[in-house]
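Chemist: Sending over a structure as structure tokens; questions will come in a sec.
Just so it is clear, none of the values below were taken in a lab; they were calculated from the coordinates. Keep in mind that what you see is a predicted model, and the values were worked out from it rather than measured. Here the Cβ is made from the backbone with ideal geometry for all residues, glycine too, and neighbour counts use every protein chain on show.
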Amino acid sequence: MTDTCRLYLITPPEVELTPFADRLTAALDGGDVACLQLRLKGADDDTIRAAIDTLMPICHAREVAFIINDRPDLAAQAGADGAHIGTEDGDYASARQLVGDTAIVGVTCHDSRHLAMQAGEAGADYVAFGAFYPTGSKTARSRAEAEILDWWRELTVVQSVAIGGITAENCAPLVTAGADFLAVIAAVWDHPDGPAAGVKAINDAIAEAAAS
């Protein structure tokens, strides 16, 4: 557990491995990143395995956890740090059985307190709430309000991830409401000054919000 909100970085939905490996290196060297989630929706197994082989060593060299979206089977095979499970991507129990007791398993809960309580009671390491803001990465099934983070913080020690359109400019209410992690895609990868600047901007915004 940590009392400090940290950056939970997610890959773009499609990547060209060689140039992206350089961009990932720059991002991770730009400031504190807790973990990277490999999220390649629709990619075949060989593509995902190639991405794991290229990107996971970059993360581990910097003590950044490497989590695979949707595919606990591939996470287990690759020795990744964990898996993230969406509401349509299987269930927590099956994922836990695949990755083992010591790996990280996170669960998408949208804006549902019921789903979050189920996941927490089952043993999930974190629950993900969102979308908090409009996002271009996917069609959001729900809109969450910052108060759900405060409710969760008061209820349990299970960590929370806030996701959905989060930027350096709008993240402060989520930090002060008690999010343990901010999941970010575009604010880092599409930053006009590059991914390292994107990571720095998010970290600076977190620190400012935490100090206020």
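Chemist: When the dipole is taken about the Cα centre of region 1-81, and only Lys, Arg (+1) and Asp, Glu (-1) are charged at their Cβ, what size is it in debye, to the nearest 20? Can you show the working numbers first?
Modeler: Numbers: 7 positive and 14 negative charges, 30 e Å.
Rounded to the nearest 20 debye, it is 140 debye.
Chemist: Got the relative contact order for region 112-212 handy, in percent, Cα pairs under 8 Å and 6 or more residues apart?
Modeler: Numbers: 145 pairs, mean separation 23.7, N = 101.
RCO, region 112-212: 23 percent.
Chemist: Relative to the present Cα-Cα distance, how much length would full extension add between L155 and Q97 at 0.36 nm per residue of separation? Don't skip to the end; give the middle numbers.
Modeler: Details: separation 58, 0.36 × 58 = 20.88 nm, distance 2.63 nm.
Contour length minus the Cα-Cα distance gives 18.2 nm.
Chemist: Evaluate the charge dipole of region 69-212 about its Cα centre and quote only its size in Debye, nearest 20, assuming +1 on the Cβ of each Lys and Arg and -1 on the Cβ of each Asp and Glu. Intermediate results must be reported in sequence, preceding the final value.
Modeler: On the way: 8 positive and 20 negative charges, 31 e Å.
The calculated dipole for region 69-212 is roughly 140 debye.
Chemist: Let me ask something else about it. Once phi is turned into θ = phi - 60°, what whole-Hz ³J(HN,Hα) does the Karplus curve with 6.51, -1.76 and 1.60 give for every residue of region 62-78, x standing for Gly and Pro?
Modeler: Values, residue by residue: 10, 6, 9, 5, 10, 10, 10, 7, 6, 10, x, 5, 6, 4, 5, 4, 8 Hz.
Chemist: Calculate the all-directions average of the projected area of the chain's alpha-carbon convex hull, and give it in nm². Don't jump to the answer; show the numbers that get you there.
Modeler: Working: hull surface 42.1 nm².
Result: a mean projected hull area of 10.5 nm².
Chemist: Arrange the following residues from fewest to most other Cβ atoms within 10 Å of their Cβ: M56, M117. Write down the numbers at each step before the final one.
Modeler: Working: M56 20, M117 16.
Ordered by Cβ neighbours within 10 Å, fewest first: M117, M56.
Chemist: Same structure, new question: How charged is the neighbourhood of G123? Take every other residue with its Cβ under 10 Å from the Cβ of G123, and add Lys/Arg as +1 and Asp/Glu as -1. Working shown, then result.
Modeler: Numbers: positive: R96; negative: D101, E121, D125.
It works out to a net charge of -2.
Chemist: Please list, short to long, the whole-number percent of alpha-carbon pairs of region 3-102 in consecutive 10 angstrom bins beginning at zero.
Modeler: In order of increasing distance, the bins hold 15, 50, 30, 5 percent.
Chemist: Separate question: Percent relative contact order of the chain, based on C-alpha pairs within less than 8 angstrom and at least six residues apart?
Modeler: Values: 417 pairs, mean separation 47.3, N = 212.
With pairs under 8 Å counted, the relative contact order is 22 percent.
Chemist: Between A211 and A21, how high is the FRET efficiency from 1/(1 + (r/R0)^6) when r is the Cβ-Cβ distance and R₀ = 25 Å? Nearest 0.05. All intermediate terms of the calculation are to be shown ahead of the outcome.
Modeler: Working: r = 34 Å, r/R0 = 1.37.
Efficiency at R0 = 25 Å is approximately 0.15.
Chemist: Would you order S212, S142, S160 from fewest to most other beta-carbon atoms within 10 Å of each residue's own beta-carbon? Write out the running numbers ahead of the final one.
Modeler: On the way: S212 8, S142 13, S160 26.
Fewest-to-most Cβ neighbours within 10 Å comes out as S212, S142, S160.
Chemist: OK, next. Note the full-extension length gain between D45 and D29 as 0.36 nm times their separation in residues minus their Cα-Cα distance, in nm to one decimal. Walk me through the numbers before you get to the answer.
Modeler: On the way: separation 16, 0.36 × 16 = 5.76 nm, distance 2.85 nm.
Gain on stretching D45 to D29: 2.9 nm.
Chemist: How large is the helix-only mean residue ellipticity at 222 nm for the chain, computed as the sum of -39500 (n - 2.57) over DSSP H runs with n ≥ 4, divided by its residue count, in deg cm²/dmol to the nearest 500? Before the final figure, lay out the partial values.
Modeler: Details: 9 runs with 89 residues, N = 212.
Calculated at 222 nm, the ellipticity per residue is -12500 deg cm²/dmol.
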